[in-house]
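Scroll down for the structure; my scribbles are underneath it.
The values are calculated or read from the model by the stated rules, or taken from the named source; none is laboratory data. Remember, predicted model here, so these are calculated numbers, not experimental data. All Cβ positions, even for glycine, are placed from backbone atoms using ideal geometry, and neighbour counts span all protein chains on display. Note: areas computed on protein heavy atoms with side chains; ligands, DNA, RNA excluded. Shrake-Rupley method; radii C 1.70, N 1.55, O 1.52, S 1.80 Å.
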Amino acid sequence: MRTLPDNPIPGTRSRLAERVRSVPPSGIRRFFDLIQTMDDVISLGVGEPDFTTPWHIREAAINSLERGMTMYTSNHGLPELRRLVSEHLANRYGVQYDPASEVLITVGVSQGLDIAMRAIIDPGDEVIIPDPGYVSYAPCVTFAGGRVSELPTSEGSRFWPRASELSERITGRTKAVLLGYPNNPTGAAPDRDTLTSLARVIAKNDLLVVADEIYDRLIFEREHVCFASLPGMRDRTILLGGFSKAYAMTGWRLGFVAAPREILDGIVKIHQYTALCAPIMGQVAAIEALKNGESEVVQMVEEYGRRRRVIVKGLNDIGLPCLEPEGAFYAFPSVSRLGETDEEFAEQLLTEERVAVVPGSAFGECGRGHVRCCYATSLPQIEEALRRMEKYVKRHQSA
Ligand code: PLP
């Protein structure tokens, strides 16, 4: 296929919008493409549960198809699912949303993030995002016409953002703060006091919050603090949640947005003109997940907890210092003492030892010198990956 030059005729406008051209391709993609060409790779790369969606959830969707449920739903999503999402948020976090007007079912958190950004950003508005952060955050802000302002975090403070540093970054154009905790890639989940201090700065400066809480259930030995449940935050927070991680439902593409009515109305406006609704079979599956999926969530989280202990200890033992992640399913060790960049480490580890990890710099400047190791894979695979990494580290530290 012939590819079109960026500027077909000198002096004419590019065919692609500047905000699209300005976003580099995902740093993760290149690694995944490379992995496809290799055998015997242990992947700690993709951030996806290795479990299959529990059978009763799949069966509910199959049954609905057999009953001929193949239509559009209302733009907001099936009323029963919205009611269950609202109950889930009220029961777990004590935060109330009217299922009729304050909950929207989306095509994954990915779509929720996109339409939330488009609903609140005017050209030039700034969104503050802790760095490192999930790869889609900054592009979604840029695609919506906004500007990203990074809020640096570091290993020294467990990759928790600090209120004083948030204050320093606020300008007259700051519209919102995008918080993703538990965090991809660091596994950080700041405690209630830290989040409350951020909330005070946010309220004082009259900012909005987009809270991506897709990993809310994947939290270890502590409570998940739902940002909207903090004092004064419900009315300025757009809460994004999903089914991909907790219920091993990545392929179903199901998520939700919960927000005060005035904001949700704006988000729904974009949703109804661009997506109409989330797929009905996924919505039926999500109803079953919320109704009867709790025991599997608990089992999966226990299994992730076991793997977390093994990988964190293993990485520290082989000389790759690693904080204990508080949530999600990522370990984020430092590789800088080998005198290699995170990209060099990831690329060489893949070609020499066939273990795939993701360079931390793919998630922002503050991720440099680290690699993301996803432990949503079986314990034997993790143990074998650690053996291979140990060989790599021994060879490279003496080189
Ligand atoms: N947010 C974070 C932090 C993620 O890590 C991911 C997927 O890896 C997503 C959102 C996308 O979620 P979904 O599958 O619901 O679109």
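Positive-end ranking of 351, 266, 195 along the dipole of the chain, with charges on Cβ about the Cα centre, is headed by 266. Between the listed residues 42, 111, 370, the Cα displaced farthest toward the positive end of the dipole of the chain, a dipole computed from Cβ unit charges relative to the Cα centre, is found at 111. As a fraction of the 1.4 Å probe accessible area of the chain, surface on carbon and sulfur atoms comes out at 50 percent.
Could you give log10 I(q)/I(0) at q = 0.11 Å⁻¹ for the chain, computed by the Debye formula over C-alpha point scatterers of equal weight, without solvent? Once normalised to I(0) and log-transformed, intensities are -0.84. Assuming a ≥ b ≥ c are the square roots of the Cα gyration tensor eigenvalues, decide whether the stretch 112-184 counts as rounded (a/c under 1.5), prolate (otherwise, with a/b larger than b/c) or oblate. In terms of gyration-tensor shape, oblate. Net charge dipole, the stretch 68-292: roughly 180 debye, given to the nearest 20, about the Cα centre with Cβ charges of +1 for Lys and Arg and -1 for Asp and Glu. Each of the GluC sites (Glu not before Pro) that DSSP puts in a loop and that has at most 15 other Cβ atoms within 10 Å breaks the chain; the longest unbroken stretch is 1-220. Multiplying the residue separation of residue 83 and residue 157 by 0.36 nm and subtracting their alpha-carbon distance yields 22.8 nm. Long hydrophobic helices in the chain, taken as whole DSSP H segments with a C-alpha length of 20 Å or more on their own axis and mean Kyte-Doolittle hydropathy at least -1.0: 79-93, 294-317.
Accessible area per residue (1.4 Å probe, heavy atoms of protein chains only) ranks 69, 117 as 69, 117, with the largest value leading.
Each Lys and Arg contributes +1 and each Asp and Glu -1, all at the Cβ; summed about the Cα centre of the chain, the dipole is approximately 540 debye. Placing pseudo-labels 7 Å out from each Cα toward the beta carbon at residue 205 and residue 351 gives an inter-label distance of 4.3 nm.
Measuring with a 1.4 angstrom probe and ignoring ligands and nucleic acids, residue 40 comes out at about 110 Å² accessible. Put +1 on the Cβ of each Lys and Arg and -1 on the Cβ of each Asp and Glu in the stretch 1-130; which of 23, 77, 91 then has its Cα farthest toward the positive end of the dipole? Positive-end residue among those listed: 23. Beta bridges per DSSP, both residues in the chain: antiparallel share near 40 percent. Take every pair of alpha-carbon atoms less than 8 Å apart whose residues are at least six positions apart; their mean separation over the length of the chain yields a relative contact order of 23 percent.
Exposure check, 1.4 Å probe, all protein chains in place: residue 252 carries approximately 60 Å² of accessible surface.
Placing a label point 7 Å from the Cα of residue 63 along the Cα-to-Cβ direction, the residues of the stretch 282-308 whose backbone N falls under 14 Å of that point are 284-293. Taking label points 7 Å from Cα along the Cα-to-Cβ direction, residue 265 and residue 222 give a separation of 3.8 nm.
Rounded to the nearest 500, the helix-only mean residue ellipticity at 222 nm of the chain stands at -12500 deg cm²/dmol, with each DSSP H run of n ≥ 4 adding -39,500 (n - 2.57).
By the Stokes-Einstein formula, at 0.692 mPa s and 37 °C, the stretch 193-340 with its Kirkwood radius over alpha-carbon pairs has D equal to 183 µm²/s.
Loop-resident trypsin sites (Lys or Arg not before Pro) (DSSP state other than H, G, I, E or B) in the stretch 167-236 with no more than 13 further Cβ atoms inside 10 Å of their Cβ: 173, 222. Which of 245/291; 175/245; 175/269; 313/391 have a Cα-Cα distance over 26 Å? From the list (245/291; 175/245; 175/269; 313/391), the Cα-Cα distance tops 26 Å for 175/245. For the stretch 66-122, the C-alpha radius of gyration sits at 1.31 times the compact-globule guess of 2.2 N^0.38 Å, with N the residue count.
The stretch 91-153 and the stretch 244-272 have Cα centres lying 11 Å from one another. Taken along its three principal axes, the alpha carbon spread of the stretch 195-277 comes to 37, 36, 13 Å, from the longest extent down to the shortest.
Applying D = kT/(6 pi eta Rh) to the stretch 68-292, where Rh is the Kirkwood radius over alpha-carbon pairs, T corresponds to 20 °C and eta to 1.002 mPa s, the Stokes-Einstein value obtained is 123 µm²/s. Each label was represented as a point 7 Å from its Cα along the Cα-to-Cβ direction; for residue 275 and residue 391 these points are 4.4 nm apart. Please check which bits of the stretch 372-399 a label hung off residue 38 would reach, taking the label as a point 7 Å along Cα-to-C-beta and the cut-off as backbone N under 13 Å. It comes to 385, 388-389, 392, nothing else.
How long is the gain from residue 55 to residue 306 if the chain were fully straight, where each residue apart is worth 0.36 nm and the alpha carbon distance is subtracted?
This chain segment gains 88.0 nm when fully extended.
Where in the stretch 65-114 are there trypsin sites (Lys or Arg not before Pro) that are in a DSSP coil and have at most 15 other Cβ atoms within 10 angstrom of their Cβ? In loop regions of the stretch 65-114 (DSSP not H, G, I, E or B), the sparsely surrounded trypsin sites (Lys or Arg not before Pro) are 67.
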